[in-house]
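Here the structure comes first, spelled out in structure tokens, and everything after it is commentary.
The values are calculated or read from the model by the stated rules, or taken from the named source; none is laboratory data. Because the structure is a prediction, the values reported are computed rather than measured. Here Cβ is always computed from backbone atoms with ideal geometry, including for glycine, and neighbour counts include all displayed protein chains. The protein model used for the area step is the full one, side chains on, heavy atoms only, and it has no ligands, DNA or RNA in it. Shrake-Rupley method; radii C 1.70, N 1.55, O 1.52, S 1.80 Å.
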Amino acid sequence: MRQPAARVRVVGPRGEIVATVDQARTPWSRMAGLLGRTRLEAGDGLLLSPAWSIHTWFMRIAIDVVFIDAQGCVLRVYPELPAWRLVSGTRKARTVLEFGAGTLAITPLMPGDVIRLEHA
């Protein structure tokens, strides 16, 4: 039986809701990621943890990517990352947030910001 994805609310450093994302909790959901999606709205996305790098090979859409450490500190930000790219955080990265392109234009996150992850 397929386990439903857990929803996680991403709360920005000023208390604003950045996005509500699915948490990839199984090896299959982590491997599949956002592959096959033809659309991903701003404010929607995927949480991958543990993760310190991602790729957009075979994807059809650009995404906003945020790497955070174990304390929720933003380490690196890649707005509107196109398909066919490979990016990584630093050795401190523990979680990657993949958002619909444009999310970071609406609710900007910068390296050094501290965010919270809450169950939605």
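Among the residues making up segment 1-39, those that are modelled with pLDDT of 75 or more and within 12 Å of the chain's Cα centre (by Cα) are V8, R9, V10, V18, A19, T20, V21, D22, Q23, A24. Restricting attention to segment 89-103, the residues being open to solvent by less than 80 Å² (accessible area, probe 1.4 Å) and without any contact (Cβ under 8 Å) to a residue 60 or more places away in the chain number 5. Within segment 89-110, if we keep just the residues that are of a type in the set (V, I, T) and in a loop (DSSP other than H, G, I, E, B), the residue that is nearest to V11 (Cα to Cα) turns out to be T107.
Residue-wise test of (1) assigned to a loop (DSSP other than H, G, I, E, B); (2) loosely packed, with under 13 Cβ neighbours inside 10 Å.
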{"position": "A51", "(1), (2)": "yes, no"}
{"position": "F58", "(1), (2)": "yes, yes"}
{"position": "Q71", "(1), (2)": "yes, yes"}
{"position": "V74", "(1), (2)": "no, no"}
{"position": "V87", "(1), (2)": "no, no"}
{"position": "G112", "(1), (2)": "yes, yes"}
